[in-house]
Structure formats: C-alpha cells, structure tokens
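None of the figures in this text is laboratory data; all of them are computed from the coordinates on show. Just so it is clear, the model here is predicted, and its values are computed rather than measured. FYI the Cβ positions are ideal-geometry reconstructions off the backbone, even for glycines, and counts take in every protein chain you see.
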Amino acid sequence: MYPQHPLTHQYAVRVLSDYPSETMLFYVPQFVQGIRYDKLGYLSESIVTLAKRSPLLAHQLLWNMKTNIYRDEESLKFDNEIGNHLLALSSEARKKACLEALREVNVKPGCYLPSNPDSVVLEIDYMSGTPMQSAAKAPFLARFKVRNKFNCLNIVTNLYRCCSCLLFFYESTLYVSNKLIYD
C-alpha cells in the first residue's frame, strides 16, 4: 500500500464536498470501507460534514456502517427471537399476524426504503403482507407505492464528474507516492 499524503487527501475531500448528496449516495460503501484506512482523519471528517448536509446520506451511511459491523463472524450466536415466534404459528395464523403487524406501520412524509433511497414511499399496501418461507433476509414481504424523487440525467452527469475526480485522485496519489519513494 502506498503511504498516505495529506495534500492528496485534502484535495479529494474538498472536491468531493462540492458534489450533491444524491451523487454521494453511490459512494457510501466506498466511504465506509475507506474509514478503515483513514489514518489522517480527513475522510472521517468529510463524512461527518456530508452527513450534516443531507439526512438521507446520513441515514445511508449509518445503515451501511451497521450492516458492515462484524460481531459474530464465526456465527456462534443465533438470533431465534423472530424465527421462534413465527414457527409457533400455523400458516394462516402467520399470515394474520403479518397483516396485523403491517397495519401498525404508519408512513411518515419523506420516508424511503433503505434498499431504494431514490424513491419516496407514498403508501403501504396493508393487505399485501405475506410471510416468507425462508426468513433469511426478511420475515415477510410487503408492497409499497413509491414515487421517484431524483432526476436521473442530473445524477448520471454528476456521477461521471465525480468518477473523473476519483480517477484523478487515484492517479495523483500514485504520482505523489512514487515521487516520495524515488526522490
């Protein structure tokens, strides 16, 4: 790995901070992974600044960080709380319990699905609750009526500019690192 150079990090953070939050959503996984190697602290500081600017970006960062925390890599601890509750119910009782639980959910303005942050949830189909056979990822399935909130052309344009900046950042990091090594 190349040594980190403060000027390169400062430049990258400054340029990335100029992009809209919608564009930064594409890079949430890279930001979260980059924190591991952020010895100088510029990326961490930049993430806090970006999160203050956009609640959606802040939520995506938190959701991604929570997802990437490894507490039990050997899978020694099992979470049977949901499974035991659902297994105790018959097929019809599971469907009924699912529909009752879904009726308790209220949609708040600006609510979105973590799996699709570029759409706003307008309403929930309260009769769509269906228990899943394999509850590996979700114990039940529900339908939502959503509305797209971003202009795709604008996002693609900003994404292209941002990728160009990241490529320049990568190349300049290599240049600065090689210059430090060979000079």
- Mind checking the full-extension length gain between K95 and L7? Use 0.36 nm per residue of separation minus the Cα-Cα distance, one decimal, nm. 25.9 nm
- Query: Could you give the nm distance between label points at N116 and E104, where each point is 7 Å from its Cα heading toward the beta carbon?
  - Reply: 2.6
- Task: Note down the nm distance, to one decimal, between modelled labels 7 Å out along Cα→Cβ at Q133 and at R53.
- Result: 4.7
